[in-house]
Amino acid sequence: MGLRSMSDAGLTVLGKLRKVADYQFGRGAGENLFPGNITVVFSKRTGQIRHIYLEGKLLATLRPRDGLLSLAIDGGKRLMEGVIVTRAWVQVQEDAVDFVKKGGDLFARHVVDVGEELRPGEEVVVLDKNKRVIAVGRTMLSGDEMKEFKRGVAVRVRRGSLEKPKKHERNDSR
């Protein structure tokens, strides 16, 4: 994969990433999630944006399948600070926090509250009662279904905050 800082790649890449984040998470999310000093890794094979880092920490991956972002834990934290995010989040009961932090899926019966107009398949940040990021993942149910249902997986967790980072999530060897 080719590694370029934003000064090498130009503002068009930063602008594209911010627009995708604004579309996916709401207005203002792009600027909050991606400051001007991010590092972007491009696929050697396709030349497309692959990973976005800030100070060696993975913020997000741009999915080639649909052109949307998959958040990493650090990206979820940046998303939730500063900007008022009205959608893209799910709050969990205290008794399920440790399970979800370790990477376990979030079940509907443990959902306390959800962001506005969530649909199945959307990228979300999972929060504890103090609004701290404990995981990131993808919804399996709509927001209304998460609040109504007492059975089933509400969020398929991709990464819990207590899980060790994978090789591509660390940018220290590049």
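Overview of values
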read-out	value
Residues within the range 1-28 that are under 20 Å from the mean Cα position of the chain (by Cα), surrounded by fewer than 18 Cβ atoms within 10 Å (Cβ to Cβ) and either of a type in the set (A, V, I, L, M) or at pLDDT 90 or above (or both), tallied	5
Answer from Gly137, Gly75 - the residue that is surrounded by 21 or more Cβ atoms within 10 Å (Cβ to Cβ), part of a helix (DSSP H, G or I) and either in contact (Cβ under 8 Å) with a residue 40 or more places away in the chain or not aliphatic (A, V, I, L, M) (or both)	Gly75
Residues (among the β-branched types (Val, Ile, Thr) and within 16 Å of Leu71 (Cβ to Cβ)) located in the range 102-152	Val124, Val125, Val126, Val133, Ile134, Val136, Thr139
Subset of the range 20-44 (residues that are touching a residue at least 60 places away in the same chain (Cβ under 8 Å) and either hydrophobic (A, V, I, L, M, F, W, C) or within 18 Å of Thr61 (Cβ to Cβ) (or both))	Gln24, Phe25, Thr39, Val41
Selection within the range 69-89 - under 18 Å from Thr39 (Cβ atoms) and either among the small types (Gly, Ala, Ser) or out of contact with any strand residue (DSSP E or B) (no Cβ under 8 Å at 6 or more places or on another chain) (or both)	Ser70, Ala72, Gly75
Matching residues in the range 86-107 - criterion: being outside any helix (DSSP H, G or I) and either modelled with pLDDT of 90 or more or buried (at least 20 other Cβ atoms within 10 Å of the Cβ) (or both)	Ala88, Trp89, Val90, Gln91, Val92, Gln93, Lys102, Gly103, Gly104, Asp105, Leu106, Phe107
Of all residues in the range 29-68 being under 15 Å from the mean Cα position of the chain (by Cα) and of a type in the set (Gly, Ala, Ser), the one that is nearest to Gly121 (Cα to Cα)	Gly67
Residues being in contact (Cβ under 8 Å) with a residue 60 or more places away in the chain and part of a loop (DSSP other than H, G, I, E, B) - total across the range 140-164	3
Hits in the range 78-100 (condition: in contact (Cβ under 8 Å) with a residue 24 or more places away in the chain, of a type in the set (Gly, Ala, Ser) and under 20 Å from Arg156 (Cβ atoms))	Ala88
His110 being closer than 26 Å to Leu14 by Cα and at pLDDT 95 or above	no
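The values are calculated or read from the model by the stated rules, or taken from the named source; none is laboratory data. Just so we're clear, the structure is a prediction, and the values are computed from it rather than from any experiment. All Cβ positions, even for glycine, are placed from backbone atoms using ideal geometry, and neighbour counts span all protein chains on display.
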